[in-house]
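What follows is a single structure, written as structure tokens, with notes after it.
Derivation of every value follows stated rules applied to the coordinates shown; laboratory data play no part. Since the structure is predicted, the reported quantities are computational estimates derived from the model, not experimental observations.
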Amino acid sequence: MNRDHVLQVLNTIYEKIFNEGQADLYPGFVSGRYIQHNPLFPDGTDFIAGYIKQVGKVPCEVKRIAIDGDLAFVHVRYLDWGGKETAGVDIFRFDENGKIVEHWDVLQPVPETANNKNTMF
């Protein structure tokens with residue numbers, strides 16, 4: 001798997017698809033049936049693309065990307081995920097051709113107060 005290609009794919013997903021709402025680009029980055037581990041989303045790209053089309057955009061800031069073998073981990077600040085600022089980690093598994101085949105995520109609303117001075121980002 002080409003690391004530069006994976007970075008380019010991920011940057012395009014967050015900038016063009018989420019921030020600009022170009023949901024129709026998403027299926028081009030996916031191979032096969034796209035296995036989805038978020039229990040709120042079915043397998044495949046139709047639902048996620050439809051969600052982005054419905055809301056128009058999902059404004060976000062990528063904070064960190066780490067790549068380990070065929071997995072990429074993306075730490076994201078979602079500025080408006082369902083009306084709330086949300087911290088997220090998306091995990092993507094890529095095939096040998098640099099296409100996404102599987103996705104996991106962990107999402108946590110950012111609280112208004114914290115018991116420390118650290119941020120979630």
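In this structure, the amide hydrogen of ASN38, modeled 1.01 Å from its nitrogen in the peptide plane, lies closer than 5 angstrom to those of ASP105, counting only residues at least 5 positions away or on a different chain. Just to compare against my own numbers: the Cα pair-distance distribution for region 3-109, 10 Å bins, whole % per bin, please. Histogramming region 3-109 at 10 Å steps yields 15, 52, 31, 2 percent. Computed over region 22-82, the range of Cα coordinates on each principal axis works out to 32, 30, 23 Å, biggest value leading. Using C-alpha pairs under 8 Å with a sequence gap of at least 6, the mean separation divided by the residue count of region 3-109 gives a relative contact order of 25 percent. Angle, helix 3-12 long axis vs. longest principal axis of the chain, Cα atoms, 0 to 90°, nearest 10? It is inclined by approximately 60 degrees.
Largest first and in whole Å, the equivalent-ellipsoid semi-axes of region 49-121 read 25, 18, 8, each the square root of five times a Cα gyration tensor eigenvalue.
Taking the longest Cα principal axis of the chain as reference, the axis of helix 46-55 is set at about 40 degrees. Amide H contacts of VAL30: ILE100, each under 5 Å away and 5 or more positions distant or on a separate chain (H built 1.01 Å from N in the peptide plane; Pro and chain starts excluded).
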